[in-house]
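**Student:** The structure's right below; bear with me while I get my questions together.
The values are calculated or read from the model by the stated rules, or taken from the named source; none is laboratory data. Just so it is clear, the structure is predicted and the values come from calculations on it, not from any experiment. As a convention, Cβ positions derive from the backbone with ideal geometry for all residues, glycine included, and neighbour counts pool all protein chains shown. Quick note on the areas: whole protein, heavy atoms, side chains included, nothing else; ligands and nucleic acids left out. Shrake-Rupley method; radii C 1.70, N 1.55, O 1.52, S 1.80 Å.
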Amino acid sequence: MYQGGSDGFLGPRDPIPLADEAWGCDLEAEVVVVTGDVPMGASRAEALAAIRLVGLTNDVSLRNLIPGELAKGFGFFQSKPASAFSPVFVTPDALGDWWTDGRLHRRLMVDLNGQAFGRAHAGVDMTFDFGTLIAHAAKTRALGPGTIIGSGTVSNRDADGGPGKPIAEGGVGYSCLAEVRTIETIRGGAPVTPFLKAGDTVRIWAEDDKHHPIFGVIEQTVTTA
């Protein structure tokens, strides 16, 4: 888990400002929750009870800045610029059976430049549910109302248990470029898919059974900062 800056966020249709394409700009489609008061040392059950709202985020990463920051031993900061959030957040009760065991049981839809890029299921292969994540964050501190906790990038294994496949190959695709680039490197020795550049468009949403967006839609275009 990392702690990101909370002094400013991008709107769901705001552009993604990118000063240098060499920084390796990546989208990260995630589920997020907003908590009420969480006491220090809260249990998983107490943490789950503190969840007030559920939404989505594009948790932008600058991949080529990450190695240098991690090498210093203090984690992310420059490599994690402002994130965008969905225009609508929903209470867990309103989600009904789609919210179970601290997980959102819907597919996270991601389009890149108008093409289907990801259709991964947010309730599958989630290593740590939100109760566990919140309790981890609250181990040594109380969390105040309005604390936002992200799931991490949504990802599914392939049906055979191996790495996920692109949608064009019958898989559910990906929720970030780093994953597909890693799989391309494993398969062919080098990544093929480029990171985001000016003019690229990203669309992130989740649908109900009638194909209506539950949380509205995040729609962003990368622009030169």
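**Student:** Does any residue in region 170-188 that is on the phi > 0 side of the Ramachandran plot come within less than 6 Å, Cβ to Cβ, of a residue that is crowded, with 21+ Cβ neighbours inside 10 Å six or more places away or on a different chain, and which pairs are these?
**Tutor:** Close Cβ pairs (under 6 Å, with a partner that is crowded, with 21+ Cβ neighbours inside 10 Å) amount to G173/F117; G173/G118.
**Student:** Would you mind finding the one in G75, G152 that is assigned to a loop (DSSP other than H, G, I, E, B) and in contact with a strand residue (DSSP E or B) (Cβ under 8 Å, 6 or more places away or on another chain)?
**Tutor:** Numbers: G75 fails: in contact with a strand residue (DSSP E or B) (Cβ under 8 Å, 6 or more places away or on another chain).
Unique residue meeting the criteria: G152.
**Student:** Report, by residue number, each residue of region 100-128 that is of a type outside the set (D, E, K, R) and part of a loop (DSSP other than H, G, I, E, B).
**Tutor:** Once the filter is applied, which keeps residues that are of a type outside the set (D, E, K, R) and part of a loop (DSSP other than H, G, I, E, B), region 100-128 yields G102, H105, N113, G114, A122, G123, V124, M126, T127, F128.
**Student:** Turning to a different aspect of this structure: Determine whether L70 is among the hydrophobic types (A, V, I, L, M, F, W, C) and open to solvent by 60 Å² or more (accessible area, probe 1.4 Å). Can you show your working first?
**Tutor:** Numbers: among the hydrophobic types (A, V, I, L, M, F, W, C): yes; open to solvent by 60 Å² or more (accessible area, probe 1.4 Å): yes.
In short, yes.
**Student:** Considering only residues that are farther than 30 Å from P191 by Cα, assigned to a strand (DSSP E or B) and among the hydrophobic types (A, V, I, L, M, F, W, C), which ones fall in region 5-45?
**Tutor:** V33, V34, V38
**Student:** On to the next question. Tell me, please, whether a residue that is among the small types (G, A, S), open to solvent by 50 Å² or more (accessible area, probe 1.4 Å), at pLDDT 95 or above and farther than 18 Å from H211 by Cα can be found in region 113-130.
**Tutor:** Of region 113-130, the ones among the small types (G, A, S) are 114, 116, 118, 120, 122-123.
If we keep only those that are open to solvent by 50 Å² or more (accessible area, probe 1.4 Å) as well, we get 114, 116.
Those still in the list that are at pLDDT 95 or above too: 114, 116.
Keeping just the survivors that are farther than 18 Å from H211 by Cα gives none.
Looking through region 113-130, none of the residues is among the small types (G, A, S), open to solvent by 50 Å² or more (accessible area, probe 1.4 Å), at pLDDT 95 or above and farther than 18 Å from H211 by Cα.
**Student:** Take the residues in region 184-225 that are among the hydroxyl-bearing types (S, T, Y) and not in a strand (DSSP E or B), then tell me which one is least open to solvent (accessible area, probe 1.4 Å). Outline the logic, then answer.
**Tutor:** So in region 184-225, the residues among the hydroxyl-bearing types (S, T, Y) come out as 185, 193, 201, 221, 223-224.
The next check asks that each one be not in a strand (DSSP E or B); those that pass are 185, 193.
Values: T185: 58, T193: 33 Å².
Filtering first and then ranking leaves T193.
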